[in-house]
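Everything on this sheet refers to the single structure shown next.
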Amino acid sequence: AQSVTQLGSHVSVSEGALVLLRCNYSSSVPPYLFWYVQYPNQGLQLLLKYTSAATLVKGINGFEAEFKKSETSFHLTKPSAHMSDAAEYFCAVSPYGEYGNKLVFGAGTILRVKS
Amino acid sequence: DGGITQSPKYLFRKEGQNVTLSCEQNLNHDAMYWYRQDPGQGLRLIYYSQIVNDFQKGDIAEGYSVSREKKESFPLTVTSAQKNPTAFYLCASGSSDQPQHFGDGTRLSIL
């Protein structure tokens, strides 16, 4: 069965420091992978997606992620954290390697940014 | 502007009561989804529908029911059989060429 593991339920960084949020997945087919961000009491907003094109994917707000098939990973990074990046981040995989079908989500990582 | 509207934003349920959460989308998406969010557990799929008049159970369907009579609408009923309904409920929609878009959620609490 497909699954997503996010290492670290809470990550704390200083403003201006590198952000690294880890995601490992399992999938029996070439996956579609997603990162979403959620601010308190709001829905999820798509940050970026991987759909079997370029392995380095750039998203909104300066975030990017690299798909590494050999490591079954899709870690999210941002070179310099901003206070407004404080939120919860979810990694998700499409079990069927396509849009239009259900997603499997990781448990989420709460990012705290210290001034 | 296209989007997904969930209502109400906050909802309270009494013992033995059924409550219905509304989800409407004007994105012309074929597929719609209901997820439940609990702290530290991510999102878990309750029900989903890929076409009007058809829907499938997700991972935690017990105690919930849905209908899909119109493409735009996918209401979720939390029945009295759901013994632990307190959670944040998120509705999403998607299509064969776009990732899922989410509404702003409904927070359900027990009185």
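Coordinate-derived values only; no laboratory data. Values in this document were obtained by computation on a predicted structure and should not be read as measured data. When we count neighbours, we look across all protein chains shown, and the Cβ atoms used for this are built from the backbone with ideal geometry, even at glycine.
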### Query
What's the Kirkwood radius of chain B in Å, using all Cα pairs?
13.9
### Query
So which trypsin sites (Lys or Arg not before Pro) in the stretch A:33-104 are both in a DSSP loop and have at most 10 other Cβ atoms within 10 Å of their Cβ?
A:K69
### Task
Normalising by the residue count of chain A, find the relative contact order in percent from Cα pairs under 8 Å and 6+ residues apart.
38
### Query
Counting only DSSP beta bridges with both residues in the protein assembly as shown, what percent are antiparallel, rounded to the nearest 5?
90
### Query
Put +1 on the Cβ of every Lys and Arg and -1 on every Asp and Glu Cβ in the protein assembly as shown; which of A:P31, A:S9, B:G94 then has its Cα farthest towards the positive end of the dipole?
A:S9
#### Entry: the stretch B:46-111: relative contact order as a whole-number percent, Cα under 8 Å and 6+ apart
21
### Query
Top mean-square fluctuation among A:V104, A:V57, A:V29, Gaussian network model of chain A, C-alpha springs under 10 Å?
A:V29
### Query
A:K58 to B:S80: FRET efficiency via 1/(1 + (r/R0)^6), r the Cβ-Cβ distance, R0 35 Å, to the nearest 0.05?
0.15
### Averaged over B:39-46, number of beta-carbon atoms from partner chains that fall within 10 Å
5
### Task
Note down the relative contact order for chain B as a percent, whole number, built from C-alpha pairs under 8 angstrom at least six residues apart.
35
### Query
Which of the aspartates and glutamates could a cross-linker span from A:K58 if the Cα-Cα distance has to be under 12 Å and same-chain partners fewer than 8 positions apart are dropped?
A:E66
### Summary
Net charge (Lys, Arg +1; Asp, Glu -1) of residues whose beta-carbon lies under 14 Å from that of B:P39, B:P39 excluded, is +1
### Message
Tell me the Kirkwood radius of the stretch A:21-115: reciprocal of the mean inverse pair distance over distinct alpha-carbon atoms, in Å.
### Response
13.6
### Query
So which residue, out of B:E24, B:E72, B:E15, gets the largest mean-square fluctuation from a GNM of chain B using Cα contacts under 10 Å as springs?
B:E15
### Task
Of the options B:I46, A:N61, A:Y99, report the single residue whose Cα projects farthest towards the positive end of the charge dipole of the protein assembly as shown (beta-carbon charges: Lys, Arg +1; Asp, Glu -1).
B:I46
### Task
Mind checking A:37-44 for the average number of partner chain beta-carbons within 10 Å of each residue's beta-carbon?
5
### Query
Under 17 Å from a point 7 Å along the Cα-to-Cβ line of B:N53: which residues of the stretch B:69-111 have their amide N that close?
B:69-74
### Query
Counting Lys and Arg as +1 and Asp and Glu as -1, each charge on the Cβ, what is the dipole of chain B about the Cα centre in debye, to the nearest 20?
420
### Task
Output the antiparallel fraction of DSSP beta bridges having both residues in the stretch A:7-115, as a percent to the nearest 5.
85
### Query
Which entries in the list B:K9/B:K71; A:K49/B:K70; A:K78/A:K114 go over 27 Å, if you measure between the two C-alpha atoms of each?
A:K49/B:K70
### Query
What is the sum of charges around A:H75, taking Lys and Arg as +1, Asp and Glu as -1, for the other residues whose C-beta is under 15 Å from the C-beta of A:H75?
+3
### Query
Magnitude of the Cβ-charge dipole of the stretch B:23-88, K/R +1 and D/E -1, about the Cα centre, nearest 20 debye?
120
### Query
About its Cα centre, how strong a charge dipole does the stretch A:1-90 have in debye, to the nearest 20, once Lys and Arg get +1 and Asp and Glu get -1 at the Cβ?
240
### Message
List the GluC sites (Glu not before Pro) within the stretch A:1-80 that DSSP assigns to loop and that have no more than 11 neighbouring Cβ atoms inside 10 Å.
### Response
A:E71
